[in-house]
Structure formats: C-alpha cells, structure tokens
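The block underneath contains the structure these notes are about, expressed in structure tokens.
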Amino acid sequence: PDDIRAVLTAVCNHHDALRLQLVDNAGVWEQHIGPHTDFTALVTRSLPEGTEPVSVLTEVVGEQGDSTAPLIAVHITGNSGGPNYLGLGVHAMVADTASHQILG
C-alpha cells in the first residue's frame, strides 16, 4: 500500500486533471485544480472467494455515492497468497477519448 500511494501521489501531482475539484461558487459550479499533495484515498479490500476483482472495484465506486473525486483507487488483496490487484476508477470529468484509449 505504501508503494501504491507513492506512485499515485506522483501520477496525481503530474496530471492536473487528477487534482480537479468541483467548487460551488454562489450556485455556479467551477473546476479548480487542487495543489500538489499526497494521495491518501487508497482503499484496501480483501478479495472474497469466488469473486472477480472488478466486483470489488464496482462496490467501492458505488460506496463513493455522488463523489466528484477524480480518482478512486482500491488495493485488492488476494486469498491465501493469491495475486493482489490495483483497481482504479476515473471520474468522467477527467476522461476524454485520448485518455480512454491510453487507459483502455
């Protein structure tokens, strides 16, 4: 988890879109780019037996509700020494066609 946080900190600090914040300014929504900071939103979950990692990511994204966080990250630990996974969810406001092709 510490290594994942360090990498996500570097990625978010390099890419302005991953620091976007939606701010309500007297009824007008504005996008502001947040300052460089440590990525602290990493969630860690265990992979239930017989479950696919994407199910865990979907659950974590669903728990975020109406969050406007540009990046959601979940470290999914495997069972009994099985593989670990990193699930990433990117908010639609930071995704564009070029980004989708890179991430896809």
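Mind listing whichever residues of the stretch 1-60 are aromatic (Phe, Trp, Tyr) and touching a residue at least 24 places away in the same chain (Cβ under 8 Å)?
39
Which residues, counting only those in the stretch 90-104, are under 18 Å from residue 33 (Cβ atoms) and either modelled with pLDDT of 85 or more or part of a loop (DSSP other than H, G, I, E, B) (or both)?
Within the stretch 90-104, 91, 95, 96 meet the criteria.
Answer yes if at least one residue in the stretch 24-31 is modelled with pLDDT under 85 and on the phi > 0 side of the Ramachandran plot, and no otherwise.
no
The values are calculated or read from the model by the stated rules, or taken from the named source; none is laboratory data. As the structure is a prediction and not an experimental result, all values here were calculated from the model. Cβ: placed from backbone, ideal geometry, glycine included. Neighbour counts: every protein chain shown.
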